[in-house]
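Enquirer: Would you mind keeping the following structure in view while I ask a few things?
The values are calculated or read from the model by the stated rules, or taken from the named source; none is laboratory data. In this text the structure is predicted, and so the values were computed from the model without any measurement. Using ideal geometry, Cβ is built from the backbone for each residue, glycine included, and neighbour counts are taken over all protein chains shown. Side chains are part of the model used for accessible areas, which takes the heavy atoms of the whole protein and leaves out ligands, DNA and RNA. Shrake-Rupley method; radii C 1.70, N 1.55, O 1.52, S 1.80 Å.
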Amino acid sequence: MSEQQKKKIGKSTIIIIVALCVLIPAVVVLAILHRGNMEERLELQAAGEFLVTVGEDTFNVSLADLQTIGSVNVSSSPRGELRTFTGVPLVRIFDHFGVDYSDARTVVFTSLDGFVTAISIGEALDETNTFVVFEEDGEPLGTREEGGRGPYMIVVALDPFPNRWARYLMEVTLQ
């Protein structure tokens, strides 16, 4: 091995060691911060609630709220499989809680498992497109611990693939 090759290997090793020294503490700090957030999310799930956040305002939404607003049945065929859900159009939830979405451009959905997806405000306001669902074929979605997909899930009914659907819904944020 030439002297030049040894120097390259030495520099690469140093770079890797420095990167690990920076990344490992960052991962530990993020894990600690996420653990607190996870506990809060599990409490929400246990209470059967999810959050709607716009600016400084946060609303806790429960199944009783959804039933008061009035649920509908929606069918969707992601990947060619016909599914029937019971839920509430997202815009009706916004209206029920007096959410001001006039300045929003995007709606972000955050799930218990850390999955995050987003849609445009126009898609969110379409009563035939975006739903918070809590039943499939008349049965509750169930929690993650029960092997379910809920208790709440976002369904973007007009999408041909469920890539932007969000199982284990914990928060809806308007941005």
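Enquirer: Filter segment 47-57 for residues that are more than 11 Å from T110 (Cβ to Cβ) and part of a strand (DSSP E or B); which is least open to solvent (accessible area, probe 1.4 Å)?
Expert: Within segment 47-57, the match that is least open to solvent (accessible area, probe 1.4 Å) is V52.
Enquirer: Select from segment 80-129 the residues that are aromatic (F, W, Y) and open to solvent by less than 10 Å² (accessible area, probe 1.4 Å) and list them in ascending order.
Expert: The answer is F85, F94, F109.
Enquirer: Moving on to the next point. Quick test of your reading of the structure: L158 fulfils all but one of (1) of a type outside the set (S, T, Y); (2) crowded, with 22+ Cβ neighbours inside 10 Å; (3) closer than 20 Å to T106 by Cβ; (4) out of contact with any helix residue (DSSP H, G or I) (no Cβ under 7 Å at 6 or more places or on another chain). Name the failing condition by number.
Expert: (2)
Enquirer: Determine whether segment 135-147 contains at least one residue that is open to solvent by less than 60 Å² (accessible area, probe 1.4 Å) and farther than 24 Å from L42 by Cβ.
Expert: Within segment 135-147, one or more residues are open to solvent by less than 60 Å² (accessible area, probe 1.4 Å) and farther than 24 Å from L42 by Cβ.
Yes or no, residue by residue, for (1) in contact (Cβ under 8 Å) with a residue 40 or more places away in the chain; (2) more than 21 Å from the chain's Cα centre (by Cα); (3) assigned to a strand (DSSP E or B):
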| site | (1), (2), (3) |
| --- | --- |
| Q45 | yes, no, no |
| N60 | no, no, yes |
| T68 | no, yes, no |
| N73 | no, yes, yes |
| R79 | yes, no, no |
| F85 | yes, no, yes |
| I93 | yes, no, no |
| G98 | no, yes, no |
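Enquirer: Which of the residues spanning segment 117-175 are among the aromatic types (F, W, Y) and either part of a strand (DSSP E or B) or over 16 Å from the mean Cα position of the chain (by Cα) (or both)? Lay out the reasoning, then the answer.
Expert: Step one: of segment 117-175, the residues among the aromatic types (F, W, Y) are 131, 134, 152, 161, 165, 168.
Scanning segment 117-175 gives F131, F134, F161.
Enquirer: Here is a list of conditions, (1) closer than 21 Å to A64 by Cα; (2) modelled with pLDDT under 95, and D159 meets all of them except one; can you say which number that is?
Expert: (1)
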